[in-house]
Amino acid sequence: MEEIVKNPALAKAFIFLMVLSIFVIAIFVGYEVILRVPPLLHTPLMSGSNAISGITVVGAIMAAGLAVTDKAKIIMIYGNYNLAHLLGFLAVIFAMINVVGGFLVTHRMLDKFKRKD
Amino acid sequence: MVELVIINLSYLFASVLFILGLKKLSHPRTAVRGNLYGAIGMLIAIVVTLFDKDVFPKQTWWILLSGAAIGSLIGAVGAYKVKMTSMPEMVALFNGFGGLASTLVAGAALLDAVDKGMGNDLQVTISSAASGLIGAVTLWGSLVAFGKLYGLKIVPDRPVRYPGEQIVKVALLALSIFLTVMIVKHPENMNYYIWMNVVGSLLGILLVVAIGGADMPVVIALMNSYSGIAAAATGFVLTNNVLIVSGSLVGASGIILTQLMCKAMNRSLANVLFGGFGAVSESASADEVYGGKIKSVSPDDVAIYLDTASKICIVPGYGMAVGQAQHAVKDLTTLLESQGKEVDFAIHPVAGRMPGHMNVLLAEVDIPYDKLKEMDEINPAMGSYDVAIVLGANDVVNPDGRTNPKSVIAGMPIIDVDKAKTVIVIKRSLSPGFAGIPNPLFALDNSFMYFADGKKAILDLVVALKNLVAV
C-alpha cells in the first residue's frame with residue numbers, strides 16, 4: 001500500500017486492475033443472474049437491459065457539465081463552450097431516449113403479460 | 001472527500017438495484033418490479049451525478065437540462081406511440097442510440113483528458129478507442145437491422161453477399177487496431193478517433209447487411225450485448241464503476257440471448273455472422289418432395305377438422321407478424337374455447353424477428369401466457385393434439401431438422417407438428433422459408449395446405465366455423 005501512495009504510475013495500474021476486476025466479476029454475475037430467463041421474457045429483458053445500458057447518461061452528464069474554461073486547448077464551438085460540451089449534449093439526448101424509452105416500453109409490454117385468472 | 005464517498009456509495013447502491021432488477025426481470029411474476037428497480041437505480045445514478053459540483057457548474061446547467069428534456073420527451077413519446085408489432089424495430093433503434101451515446105461520451109472524455117494533460121493515460125486512450133469502435137458498430141449495425149425490420153427499400157431483407165466479404169471485414173478489424181495505436185500515440189489528434197468511428201460504422205453496416213431477416217433474432221440480441229459492452233468501455237474511460245457494472249450486466253444478458261438464439265437454430269454465432277444460409281444445399285428439389293402429394297383444402301374443410309377436434313395447437317411464425325393476424329387468432333381461439341376445446345400455442349425460440357417476438361404479439365391480444373408452450377414442453381405431448389395449425393411458420397416445423405442429416409437445417413430443433421393427428425399449414429404458397437429448402441411436412445399424409453394470407457385465412461376460418469355450428 002505504501003508503495004502505491006508514493007508511486008503515481010503504480011497507483012494508476014492498481015486502479016486499472018481494480019476496475020478490470022469489477023468488469024470481469026460483473027460479467028459473471030450478469031450471466032448467472034439471467035441464465036434461466038424463460039422465452040416469454042426475452043423481449044422485455046432486452047428492452048429493460050437496454051434501458052440499463054443507457055447508464056452512459058452518467059458519463060454524458062459529466063461530459064456536458066464540464067467546467068467552462070477559456071484556456072481550453074480543444075476546439076471551441078460557441079463562446080466558452082467547446083467540442084466536449086457539444087458531444088456531451090448530444091450524448092445526454094441519446095442516452096435519455098434510451099433510458100426513458102427503454103424503461104417505459106418495457107413496462108408497457110410487461111403490463112400485457114397476464115395469466116388466465 | 002465526503003462528496004466522493006457519497007457519490008460512489010450511491011453508484012454502488014444503483015449497481016445493486018440493477019443486478020436485482022435484472023434478476024427479477026427474468027421471472028414472470030416479478031418482472032414488472034424488476035423493471036422498476038432498474039428505473040430507480042438509474043434515477044439515483046443520475047441525481048447523484050448532478051450533485052457532483054465538479055460536473056454541474058453554473059455555466060453548463062442549461063446544456064444538461066435541455067438535453068435531458070429533449071431525450072426524455074422523445075423516449076417517452078416513442079415508448080407510448082410504438083405498436084407492439086413494431087417492437088423489433090424499436091428495440092433495434094434503442095440499442096443503436098445506446099451505442100451512439102457511448103461513442104459520444106468516450107469522444108468527449110478523450111478531449112477532456114487531453115485538455116487536462118492526461119492524454120498519456122493508457123486506460124483512457126485504449127478504452128476510448130474500444131468504446132468508439134464498439135459504439136459505432138452498435139449504432140450502424142442496429143440502424144441496418146432497423147432498416148431491414150422496418151422494410152426500408154434501401155436495405156434488402158435478403159443477405160447481401162459479395163466475393164472477398166470476409167477479407168474486407170478482417171481488413172477493417174486490422175485497421176481498427178492500427179487506429180487504436182495511433183490514438184494512444186497521438187491522443188490530441190481527434191482525426192484518429194473520428195476515423196475509428198468511420199471504421200466501426202462500416203464494420204457494423206457490413207456485418208448486418210450480410211444477415212438475412214430470419215437471423216434477425218441473433219443480430220438483435222448481439223447488438224443488445226454490444227450496447228452494454230460499449231457502455232462498459234466508456235466506464236473504463238471515466239474509471240466509473242456504475243458504468244462498468246451495468247455495461248457488463250447488459251453485455252452478459254445479450255450474450256445469453258445470443259447463445260439461446262443460436263442454439264435454437266443449431267448454428268454457431270460465427271456461422272450466423274460469417275456463413276449463413278444460401279450455400280448449396282443437398283436437399284431434394286421441390287418437385288421431388290411435393291410431386292403430387294400436396295393436398296389443398298378450403299376454410300370449410302378446415303372447419304370440419306376443427307369441429308371434431310378437442311385439442312388444438314397453433315404454431316405461429318413470422319407470417320403471423322407480417323400479416324398482423326394476431327387479432328384474428330385471438331378471435332379463433334375464443335371461438336374454439338367457447339366450444340369447449342383446448343387451444344395451446346407452440347412457440348419456437350427463433351420464430352419471428354427478435355427473441356420473444358411471438359410472445360409479445362400474443363400478449364398484445366390478451367392471450368394468457370400460460371397457454372404459450374415452449375418447444376421442449378410441447379414436443380413430447382404433440383401426439384395428443386388432434387389438429388396443429390401452422391400459421392406463417394416454415395423452417396421451424398421442417399421435419400428435415402430432425403430426420404435428414406444431410407439437410408442444411410440438420411440438427412435444428414423443430415416443433416414436431418408432424419406428430420399431431422392432423423396438420424393444417426396456412427401459407428400463401430409453397431415457396432421455401434429462409435433456409436431455401438422444401439419442407440417435407442407439406443407432403444405428409446396427415447398434413448393439408450390451406451393457401452391464403454394469414455389474417456384472411458383465420459378470419460375466413462372463423463366464419464366457416466360459425467356457419468358449421470349454425471347448420
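Here are the numbers for this structure:
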| read-out | value |
| --- | --- |
| B:Lys373 long-range amide H proximity, modeled H, under 5 Å | B:Phe345, B:Ala346, B:Ile347 |
| B:Ile294-B:Gln259 pseudo-label distance in nm [points 7 Å out on the Cα-to-Cβ vector] | 4.1 |
| Percent of beta bridges antiparallel (DSSP, the protein assembly as shown, rounded to nearest 5) | 10 |
| Test item: B:365-372 mean partner chain Cβ contacts at 10 Å | 4 |
| Separation of alpha-carbon centers, the stretch B:295-331 and the stretch B:108-150, rounded to whole Å | 48 |
| Sparse-neighbour loop sites [trypsin sites (Lys or Arg not before Pro); the stretch B:364-402; at most 10 other C-beta within 10 Å; DSSP] | none |
| Spatially proximal aspartates and glutamates relative to B:Lys23 (Cα-Cα < 20 Å; intrachain offsets below 8 disregarded) | A:Glu32, A:Asp111 |
| Value of Rg/Rh across the stretch B:310-447 [Cα atoms, Kirkwood radius] | 0.94 |
| Percent antiparallel among DSSP beta bridges (both partners in chain B, rounded to 5) | 0 |
| Within chain B, helix-based [θ] at 222 nm, where runs of 4 or more DSSP H residues each add -39,500 (n - 2.57), nearest 500 | -19500 deg cm²/dmol |
| Using a Förster distance of 25 Å, the FRET efficiency for B:Glu337-B:Lys456 (Cβ separation, nearest 0.05) | 0.70 |
| Solvent accessible area, Å² - B:Glu377, 1.4 Å probe, full protein context | 100 |
| Neighbour-limited loop hits for trypsin sites (Lys or Arg not before Pro), the stretch B:408-471 (at most 15 other Cβ within 10 Å; DSSP other than H, G, I, E, B) | B:Lys421, B:Arg428 |
| Peptide-level mean, for B:259-266, of C-beta atoms on other protein chains within 10 Å | 1 |
| Projected-area mean, the protein assembly as shown, by convex hull of Cα positions, square nanometres | 28.3 |
| Theoretical FRET efficiency, 1/(1+(r/R0)^6), r = Cβ-Cβ of A:Met1 and B:Thr403, R0 60 Å, to 0.05 | 0.35 |
| Cα-based reach from B:Lys406 at 25 Å (exclusive), listing lysines while leaving out same-chain residues under 8 positions away | B:Lys263, B:Lys293, B:Lys419 |
| Diffusion constant of chain A at 20 °C, which comes from Stokes-Einstein with the Kirkwood Cα-pair radius and 1.002 mPa s, µm²/s | 119 |
| Charge dipole (debye, nearest 20) of chain B; +1 at Cβ of Lys and Arg, -1 at Cβ of Asp and Glu | 340 |
| Partner chain coverage, peptide B:199-212 - average Cβ within 10 angstrom | 0 |
| Farthest toward positive dipole pole in the protein assembly as shown [+1 Lys/Arg, -1 Asp/Glu at C-beta], among A:Phe113, B:Phe13, B:Pro349 | B:Phe13 |
| Compactness index (Cα Rg / 2.2 N^0.38 Å), the stretch B:96-239 | 1.08 |
| Calculated P(r) of the stretch B:386-471 - Cα pairs past 14 Å, % | 64 |
| B:His27 accessible area, assembled protein chains, probe 1.4 Å, Å² | 90 |
| Dipole in debye (nearest 20) - the stretch B:49-114, about Cα centre, beta carbon charges: Lys, Arg +1; Asp, Glu -1 | 240 |
| Radius, Kirkwood style, for chain B when every pair of distinct Cα atoms is counted (Å) | 24.6 |
| For chain B, with +1 on Lys and Arg beta carbons and -1 on Asp and Glu, the positive-most of B:Ser384, B:Val219, B:Pro368 along the dipole | B:Val219 |
| Simple Cβ-charge dipole of the protein assembly as shown, Lys/Arg +1 and Asp/Glu -1, about Cα centre, in debye nearest 20 | 460 |
| Label-to-label distance, nm, for residues given as B:Val170 and B:Ser429 (7 Å Cα→Cβ offset) | 4.0 |
| Charge-dipole axis of the stretch B:1-135 as Lys and Arg at +1 and Asp and Glu at -1 on Cβ define it, positive-most pick from B:Met118, B:Ser72, B:Val82 | B:Val82 |
| Rounded, prolate or oblate (a/c below 1.5 giving rounded, otherwise prolate when a/b exceeds b/c) for the stretch B:1-81 by Cα gyration tensor | oblate |
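The values are calculated or read from the model by the stated rules, or taken from the named source; none is laboratory data. Nothing here was measured: the structure is a model prediction, and the numbers come from that model. As a convention, Cβ positions derive from the backbone with ideal geometry for all residues, glycine included, and neighbour counts pool all protein chains shown. The protein model used for the area step is the full one, side chains on, heavy atoms only, and it has no ligands, DNA or RNA in it. Shrake-Rupley method; radii C 1.70, N 1.55, O 1.52, S 1.80 Å.
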